[in-house]
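The values are calculated or read from the model by the stated rules, or taken from the named source; none is laboratory data. From a predicted model like this one, the values you see are computed outputs, not experimental measurements. So basically every Cβ, Gly included, is an ideal-geometry build from the backbone, and we count neighbours across all protein chains shown. Just the protein is used for accessible areas: all its heavy atoms, side chains included, with ligands, DNA and RNA removed. Shrake-Rupley method; radii C 1.70, N 1.55, O 1.52, S 1.80 Å.
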Amino acid sequence: MKKITVLGAGMVGSAMAIDLSKDYYVTLCDISENRLKQISAGTGIKPLVKDLSDKQQVREAAAEADIVVGAVPGFMGFETLKTVIESRRNVVDISFFNEDPFQLDELAKKNAVTAVVDCGVAPGLSNLILGYHNERMKIDSFECYVGGLPTEKKWPYEYKAPFSPVDVIEEYTRPARIKENGRVIIRPALSEPEMIDTEAGVLEAFNTDGLRSLLTTMKIPDMKEKTLRYPGHIELMRVLRETGFFNKEEIEIAGKMISPVDLTSKLLFPLWKPEEGEEEFTVLKLKIIGEEKKIEYSLFDKYDKSTRTSSMARTTGYTCTAVVNLVLNGDYTRKGISPPEFIGREGECYNKVLAYLAERKIKIIK
């Protein structure tokens, strides 16, 4: 039986480990022994306590794996991925780090490693779908709207973070790159709000820096990605941002140096952390326009009560585990860095990913 090492036992990492453990021998690594015990109980998953900020411990974790799955926080993602590639292990990653993954392309090719990055729902599944159609038609415009939200709106934020608060805050501060008339344009995060009708009602959309690799891999003149939240969220986040609560530079308070964003994350975490069994949903809407035709995709997924798995863990995690299967089974073998649009352009791989998601009752309506 092939061996898989999953780095990170967070919400998505643990869901991926459980999904993969049905067919493979899975080792799940995290710094939290209690978290590992909780996830691995009764699953056949091997828990392995590792500090994944330590390169040597990452090497040790990857040593026996046929493939590694990266699910660490974004600020750790690039160095973790680099260490796995240096260890000559194939890898599929969802850490969504800020750095350009193609900096590691030459290293991955040198080490004969297949490294798939940004392999979640968006970026991820959205890239896969665009890559498929871009190979088969001339596209003039691409729009992506995505968001994960709690079903019950609770004051004051009406939001729960599926990832660490620090990674979510990054979406509200990092300038958003979009494409207009063939040129990359920089817009502030949280800018250009618009109201969007969804299966969950009307949500507000705003610019975030989610196009990522598409800016360089696609020759599409107009592209944008927007995040979805309940109406009113933009203004709340703008107030916090403009007041300085998201700043990384340390300030002195009572003789101690403190980073405002670290304090903000600490305060927000209890309010944004999903409660056990809390119901939520994920929305993804795509618009692809070209050659006198318009193609639209819609995904609406809810918390799975039977498996107690969040929709964000399902849509992000199972897209990733679908690609893990492609690499393990030899369906996708390209060496170097591969964003999901590279996989999508291969029709057989594209269809297998969609079939894998359909088996797990994740429906993508065209």
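Among the candidates Ala108, Ala115, single out the residue that is closer than 30 Å to Ser87 by Cβ, assigned to a strand (DSSP E or B), touching a residue at least 60 places away in the same chain (Cβ under 8 Å) and hydrophobic (A, V, I, L, M, F, W, C).
Ala115
Do you know which residues across the range 1-21 are of a type outside the set (Gly, Ala, Ser) and either free of Cβ contacts under 8 Å to residues at least 40 places away in the same chain or open to solvent by 30 Å² or more (accessible area, probe 1.4 Å) (or both)?
Passing the criteria: Met1, Lys2, Lys3, Met11, Ile18.
Which numbered condition trips up Ile253, out of (1) under 24 Å from the mean Cα position of the chain (by Cα); (2) of a type in the set (Val, Ile, Thr); (3) modelled with pLDDT under 95?
Here Ile253 meets the rest and fails (1).
Out of everything in the range 297-317 that is outside any strand (DSSP E or B) and open to solvent by less than 20 Å² (accessible area, probe 1.4 Å), what residue ends up being farthest from Leu286 (Cα to Cα)?
Within the range 297-317, the match that is farthest from Leu286 (Cα to Cα) is Ser310.
Condition (residue is of a type in the set (Ser, Thr, Tyr), closer than 16 Å to Thr173 by Cα and open to solvent by less than 50 Å² (accessible area, probe 1.4 Å)) applied to the range 221-241: is it met by at least one residue?
Yes, the range 221-241 contains at least one residue that is of a type in the set (Ser, Thr, Tyr), closer than 16 Å to Thr173 by Cα and open to solvent by less than 50 Å² (accessible area, probe 1.4 Å).
Look at the range 318-358 and say how many of its residues are in contact with a strand residue (DSSP E or B) (Cβ under 7 Å, 6 or more places away or on another chain) and open to solvent by 10 Å² or more (accessible area, probe 1.4 Å).
The qualifying residues number 6.
Tally time: how many residues in the range 281-296 are part of a strand (DSSP E or B) and open to solvent by 30 Å² or more (accessible area, probe 1.4 Å)?
6
Filter the range 92-107 for residues that are surrounded by fewer than 21 Cβ atoms within 10 Å (Cβ to Cβ) and of a type in the set (A, V, I, L, M) and give the result.
Across the range 92-107, the qualifying residue is only Leu107.
Search the range 322-345 for residues being aliphatic (A, V, I, L, M) and in contact (Cβ under 8 Å) with a residue 40 or more places away in the chain, and hand back the single one that is nearest to Asp105 (Cα to Cα).
Ile337
Can you name the residue in the range 22-55 that is assigned to a loop (DSSP other than H, G, I, E, B) and charged (D, E, K, R) and is also least open to solvent (accessible area, probe 1.4 Å) among such residues?
My answer is Lys50.
Which of the numbered conditions does Trp272 fail, given that it passes all the others? Conditions: (1) at pLDDT below 95; (2) surrounded by 17 or more Cβ atoms within 10 Å (Cβ to Cβ); (3) on the phi > 0 side of the Ramachandran plot; (4) not basic (Lys, Arg).
(3)
One residue is enough: does the range 88-98 have a residue meeting the conditions under 20 Å from Leu299 (Cβ atoms), of a type in the set (Phe, Trp, Tyr) and outside any loop (DSSP other than H, G, I, E, B)?
No, there is no match, as no residue in the range 88-98 is under 20 Å from Leu299 (Cβ atoms), of a type in the set (Phe, Trp, Tyr) and outside any loop (DSSP other than H, G, I, E, B).
Do we have Glu296 as closer than 15 Å to Asn134 by Cα, acidic (Asp, Glu) and free of Cβ contacts under 8 Å to residues at least 40 places away in the same chain here?
For Glu296, the condition - closer than 15 Å to Asn134 by Cα, acidic (Asp, Glu) and free of Cβ contacts under 8 Å to residues at least 40 places away in the same chain - is not met.
What pairs come up if the first residue lies in the range 243-260 and is under 26 Å from Glu171 (Cβ atoms), the second is part of a strand (DSSP E or B) and open to solvent by 100 Å² or more (accessible area, probe 1.4 Å), and their beta carbons are under 6 Å apart, counting only those six or more places apart or on different chains?
Glu250/Met257
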